[in-house]
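The values are calculated or read from the model by the stated rules, or taken from the named source; none is laboratory data. Since this is a predicted model, take the numbers as computed values, not measurements. Glycine gets a Cβ as well: all are built from the backbone with ideal geometry, and neighbour counts include every protein chain shown. Please note that ligands, DNA and RNA were not included when accessible areas were found on the heavy atoms of the full protein model with its side chains. Shrake-Rupley method; radii C 1.70, N 1.55, O 1.52, S 1.80 Å.
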Amino acid sequence: MGLLNRDIELRLDLTDRCNFKCIMCFKGYETGRDQSRKSDMTVDFFKKITGEILPRVNILHLSAGYEPLLNKELPAILSEIKQKNVPQVVMTSNLMALTDHTADLLTDGYIHELHVSMDSADKNRYEMIRQKSDFDRVVSNLEKINHLKLLKKSKYPKIVFNYVLMKLNFNELKDFVDFSASLGIREINCAEFRVPYNYQKELLPVGSRGLPADFDLAEQHIDYSSPKIKKDLMQVVKYASGKGIFLNVPYKFDLNGSGTLMRRKQQVAHLWAKSSLMTFRGKMAFGLNYLKKYPIYRKVSCSFPWRQIILTATGEVLPCCTWSDSPSMGNIHGETLAQIWNNEKYFSVRAGIRDGNYPDACKECIVAMKKRHGI
């Protein structure tokens, strides 16, 4: 199947488990029945679905929120993906559970991008935000991957930091740029914080890892309309650029207040910088299919339901990664992906977004409501 037909971005959870309890993640507040819902995707189940899905996939993300390194069949799954010649393979991980064998596979070109979730360069702050973590171990694993890449003269995986911006760590962003530079990591994606749908203040691990007794996660939103916040962000973006680091921050295209033409120019520059992480085949497939579907994309605030599939470890199909606590589009144990992709539920979600009648799951979404990425 040619690159023009690789029009799907697939986010695939290989497990329903995580070894952290991050204060800003819904998984840290799962209780009762939710907590007992644990499942790892087997390599046999992965093989069952790849025949239909992967030939249409341009970008494959090996995580929609949970920790892929916890799946013991990950090496076998990576080998299967390698055989399918997917243009761009991305894995998001906290990197705590990295083994020597998996590190070998990652640096042998089995994935192209490795997104590592870190929100501070300070050990105490990092372990406060990401409960049950070990800062030193994560840094050691990053250094291990860098060392193996050097030994093998491998350009893969290209490492990106994912940084959730909150009041708690906003003033540390410049220090994190220095930390990133010290490890040779040239991109930081800053995500806008959102309160988990199941957040309960009483479940916060107050005091156990440094959180003050009066801490309330609901007060961690940053006011991006504030002139001071805009000024501070622009200063850090310029500082990062001077160190050769691409810093992607919320509302980046609105920071200069330069009007539509300047924002469009910034968006093109943004896409060009992002594309440096992609393989040649990944760039070609993305570009061709973006142009093919542009008549739709230009009219909607969120294009995910037209180009993205989230597949959980239990086979549930979701239209985007923020679709928490909302009905799925279907389950591939009972229907084929093609049937789900074209069913009434998917059509209803697309029609709602196109007509401005957003589904409930979209109403608090930072992409659909605030045009987070501007594209």
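Quick check: net charge around Leu142, other residues with Cβ under 12 Å of its Cβ, Lys/Arg +1 and Asp/Glu -1? Provide the component values of the computation, followed by the final result.
Working: positive: Arg137, Lys144, Lys149; negative: Asp136, Glu143.
Its environment carries a net charge of +1.
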- request: Report, by chain and number, residues whose modeled amide H sits under 5 Å from the one on Thr15, excluding near sequence neighbours (fewer than 5 apart, same chain).
  value: Met41, Ala313
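Work through the residues other than Met91 whose Cβ is under 12 Å from its Cβ and net out their charges, Lys, Arg +1 and Asp, Glu -1. It would help to have the intermediate numbers written out before the result.
Values: positive: Arg11, Lys158; negative: Asp13, Glu67, Glu113.
Residues near Met91 contribute -1 overall.
Please find the FRET efficiency linking Leu203 to Ser326, where r is the Cβ-Cβ separation and R0 is fixed at 22 Å, and quote it to the nearest 0.05. Write out the running numbers ahead of the final one.
Working: r = 21 Å, r/R0 = 0.97.
Efficiency for this residue pair is about 0.55.
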- prompt: At what distance in nm do the modelled label points of Met234 and Asn357 sit from each other, each positioned 7 Å from its Cα along Cα→Cβ?
  reply: 4.2 nm
task: Enumerate the calculated ³J(HN,Hα) couplings along the stretch 84-94 in order (Karplus 6.51 cos²θ - 1.76 cosθ + 1.60, θ = phi - 60°), each rounded to whole Hz, writing x wherever the residue is Gly or Pro.
output: 8, 6, 5, x, 9, 10, 10, 10, 9, 8, 8
- prompt: Excluding ligands and nucleic acids, what accessible area in Å² is computed for Met284 using a 1.4 Å probe, to the nearest 10?
  reply: 80 Å²
- request: With label points built 7 Å along Cα→Cβ from the Cα atoms of Ala97 and Lys299, find their separation and express it in nm.
  value: 4.4 nm
Under Karplus coefficients 6.51, -1.76 and 1.60, residue-wise ³J(HN,Hα) of the stretch 106-111 in Hz, glycine/proline x: 4, 8, 9, x, 6, 10
field: Label-point separation in nm, His221 to Phe280, each point 7 Å along Cα→Cβ
entry: 4.7 nm
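Can you tally the net charge around Leu10? Count Lys and Arg as +1, Asp and Glu as -1, for every other residue whose Cβ sits under 13 Å from the Cβ of Leu10.
On the way: positive: Arg6, Arg11, Arg56, Lys84, Arg307; negative: Asp7, Glu9, Asp13, Glu52.
Summing Lys and Arg as +1 and Asp and Glu as -1 gives +1.
Which of the peptides 96-103, 316-323, 16-23 is most tightly packed, and how do the rest follow, going by the mean number of other Cβ atoms within 10 Å of each residue? Walk me through the intermediate numbers first.
On the way: 96-103: 15.4, 316-323: 21.2, 16-23: 19.1.
With the highest mean Cβ count within 10 Å placed first, the list reads 316-323, 16-23, 96-103.
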- request: Give, as ranges by residue number, the residues of the stretch 204-248 whose backbone N falls under 16 Å from the point 7 Å along Cα→Cβ of Thr31.
  value: 204-206, 217
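Taking the mean number of other Cβ atoms within 10 Å as a proxy for protection, how do you rank 148-160, 68-80, 302-314 from highest to lowest? Kindly include the intermediate steps, with their values, before the conclusion.
Details: 148-160: 15.6, 68-80: 18.8, 302-314: 21.4.
In descending order of packing, they fall as 302-314, 68-80, 148-160.
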Charge dipole (the stretch 86-235, unit charges on Cβ, about Cα centre) - positive-most of Ser182, Tyr110, Met166: Tyr110
- prompt: Applying the Karplus parametrisation 6.51 cos²θ - 1.76 cosθ + 1.60 with θ = phi - 60° to the phi angles of the stretch 49-61, what ³J(HN,Hα) value in whole Hz is obtained for each residue in order, glycine and proline being reported as x?
  reply: 8, 5, x, 8, 8, 4, x, 9, 8, 8, 10, 10, 9
